[in-house]
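Read the figures in this text as sums done on the coordinates, not as results from a lab. Note that the structure is predicted; figures quoted are calculated from it, not measured. A quick note on method: Cβ atoms are made from the backbone with ideal geometry, for glycine too, and the neighbour counts reach across all protein chains shown.
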Ligand SMILES: [Ca+2]
Ligand SMILES: [Ca+2]
Ligand SMILES: [Ca+2]
Ligand SMILES: [Ca+2]
């Protein structure tokens with residue numbers, strides 16, 4: 001396993017152990033370790049000149065000049081001095097594994113602006129690249145763009161960290177193939193991508209409806225990527241979907257992110273579009289597999305929270321997905337959309353949904369493998385040690401799926417049935433589920449879903465969970481006291 005997939009083991013991942021609801025405010029640690037900064041440093045300043053040598057005393061003037069200059073090599077750093085730069089920056093070269101990344105870093109408060117924020121087609125980003133690798137893009141504010149903020153096509157070994165995109169026409173950050181390639185393995189053109197500690201705010205801000213060229217894709221899109229880590233980012237306010245890993249993206253993780261205020265268009269019924277998930281795994285035109293989604297806080301999104309699906313059933317499927325330690329609350333609008341806390345649709349197999357806390361969504365757990373998208377009947381879904389509480393409409397639905405294990409979960413007793421549906425359901429093993437009048441969170445109204453000593457969720461969990469889930473969302477070991485607790489947070493106080 002390489003450095004990216006190592007992150008799926010929380011015991012050895014320094015980022016994960018620092019995680020919590022406030023993790024995105026922390027300075028990243030050691031995550032950029034592969035970056036080699038031993039090379040030369042060059043400078044860009046608003047009062048420089050592109051005829052200068054690019055030193056601190058005689059800096060260049062434009063960022064795009066710097067990223068294309070022959071003298072800049074793998075392992076070098078370009079420091080962009082404070083100020084506002086209005087230009088499109090097209091990365092013109094690559095670093096390499098021997099000499100390291102090329103670092104493009106904001107050396108203070110640097111704002112990048114689209115020179116023409118209305119004109120610009122599909123794939124344009126204020127920072128953009130095609131078929132390049134080994135760049136570390138660090139610390140920029142990018143605002144008011146025609147399409148993306150940062151757009152990386154056919155990219156490898158990229159780190160995008162500590163940036164803030166604001167009011168982008170389409171995605172804040174997107175990794176994508178140059179063309180659709182008709183799907184299949186050919187569309188997996190990106191490798192080893194880390195998107196860390198960024199803020200993506202008001203993505204798809206010019207979206208007007210289906211077919212609008214300025215508002216396609218999602219706030220943070222991982223498209224056709226083998227090996228990815230999307231960690232500790234904050235997404236707030238966005239017209240469409242939030243974090244979307246799709247079209248055969250695989251061997252990756254989405255963790256420690258805060259996702260709120262996405263799918264603002266939902267309920268407005270603009271040309272038939274009704275929003276999308278805050279975190280979305282969509283296999284689409286190629287096989288998607290081996291993905292961990294954990295330690296995310298997903299709340300106050302207008303539509304669904306975390307959904308696993310396959311929009312193109314006849315090409316590729318989705319398998320080996322783990323969803324754990326997520327806190328998911330107040331998503332959806334009853335009567336307007338499904339408001340799913342965690343959803344599993346068709347063409348999906350081998351999903352483990354473990355130790356999540358889901359509260360006050362329209363419905364908490366939605367497993368329906370056929371009617372929605374077509375494809376084969378989903379199978380082998382494990383739902384264990386979760387808390388499903390205080391839903392607006394119902395606990396959820398389970399149907400059209402085979403081999404479902406639903407055990408050791410806690411439900412609030414608001415509804416007669418643990419789940420609706422039930423047709424086309426083969427081999428459900430439901431056991432040791434508990435219903436309670438109140439979960440006894442620290443604060444249901446205040447959205448603090450740690451457990452109090454009175455909670456029934458304490459010590460009644462199944463020990464049969466993967467190694468990946470042995471640490472709770474706060475970074476504490478599970479199985480304290482007399483047993484393992486349900487939900488994202490292990491109780492560690494006295495009872
Ligand atoms: Ca433009
Ligand atoms: Ca597919
Ligand atoms: Ca169905
Ligand atoms: Ca315990």
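Test of understanding: what is the full-extension gain from residue 434 to residue 178, defined as 0.36 nm times their sequence separation minus their Cα-Cα distance?
That pair, residue 434 and residue 178, stretches by 87.2 nm at full extension.
With each label point set 7 Å from Cα along the Cα-Cβ vector, what nm distance links residue 453 and residue 97?
Computed distance between label sites residue 453 and residue 97 equals 5.6 nm.
For the chain, take the alpha-carbon Rg, divide it by the Kirkwood Rh, and send me Rg/Rh.
Here Rg/Rh amounts to 0.99.
For residue 413 and residue 467, what does the FRET efficiency come to when R0 = 25 Å and r is the distance between their Cβ atoms, rounded to the nearest 0.05?
Given R0 = 25 Å and the Cβ-Cβ separation, E is 0.15.
So for the pair residue 442, residue 393, with labels modelled 7 Å out along Cα→Cβ, what separation do we get in nm?
That separation, rounded to one decimal, is 3.1 nm.
Once R0 is set to 60 Å, what does the formula 1/(1 + (r/R0)^6) return for the Cβ-Cβ distance between residue 480 and residue 118, expressed as a FRET efficiency to the nearest 0.05?
About 0.60, to the nearest 0.05.
Based on a Kirkwood Rh over C-alpha pairs, give the Stokes-Einstein translational diffusion coefficient of the stretch 216-310 at 37 °C and viscosity 0.692 mPa s in µm²/s.
252
Compute the relative contact order of the stretch 396-495 as a whole-number percentage, counting only Cα pairs closer than 8 Å that sit 6 or more residues apart in sequence.
Reported relative contact order: 23 percent.
Would you calculate the separation in nanometres between label points at residue 492 and residue 87, each defined as 7 Å from the Cα along the Cα-to-beta-carbon direction?
Here the modelled spin labels are 4.9 nm apart.
Calculate log10 I(q)/I(0) of the stretch 342-495 for q = 0.13, 0.16 Å⁻¹, where I(q) comes from the Debye formula with a single equal point scatterer on each Cα and nothing for solvent.
Debye intensities relative to I(0), on a log10 scale: -0.57, -0.84.
Dividing the convex hull volume of the alpha carbon atoms of the stretch 267-423 by its residue count, what do you get in Å³ per residue?
97
Note down the relative contact order for the stretch 340-383 as a percent, whole number, built from C-alpha pairs under 8 angstrom at least six residues apart.
On the way: 78 pairs, mean separation 24.7, N = 44.
Normalised by residue count, the contact order of the stretch 340-383 is 56 percent.
At q = 0.08, 0.11 Å⁻¹, what is the log10 ratio I(q)/I(0) for the stretch 72-216, with the Debye formula run over Cα points and no solvent?
Per q value, in the given order, log10 I(q)/I(0) is -0.20, -0.38.
Express in nm, to one decimal, how much length is gained between residue 300 and residue 71 on full extension, taking 0.36 nm for each residue of separation and deducting their alpha carbon distance.
77.6 nm
For the stretch 58-104, build the convex hull from the C-alpha positions and give me its volume per residue in Å³.
72
What is the Cα centroid distance between the stretch 346-417 and the stretch 469-495, reported in whole angstrom?
Distance between centres, Cα-based: 22 Å.
Quick one: which of 114-126, 73-85, 483-495 comes out on top by average Cβ neighbours within 10 Å, and what's the full order, highest first?
Descending mean neighbour count gives 483-495, 73-85, 114-126.
On a full-extension model of 0.36 nm per residue, what is the gain between residue 208 and residue 186, subtracting their alpha-carbon distance, rounded to one decimal in nm? Spell out each step's value before the answer.
Numbers: separation 22, 0.36 × 22 = 7.92 nm, distance 3.15 nm.
Length difference between fully extended and current span is 4.8 nm.
Report, please, the projected area of the stretch 157-208 averaged over directions, based on the convex hull of its C-alpha atoms, in nm². Could the numbers behind the result be given before it?
On the way: hull surface 18.1 nm².
It is 4.5 nm².
What is the chain's relative contact order, in percent, from Cα pairs under 8 angstrom and six or more apart in sequence?
Relative contact order comes out at 8 percent.
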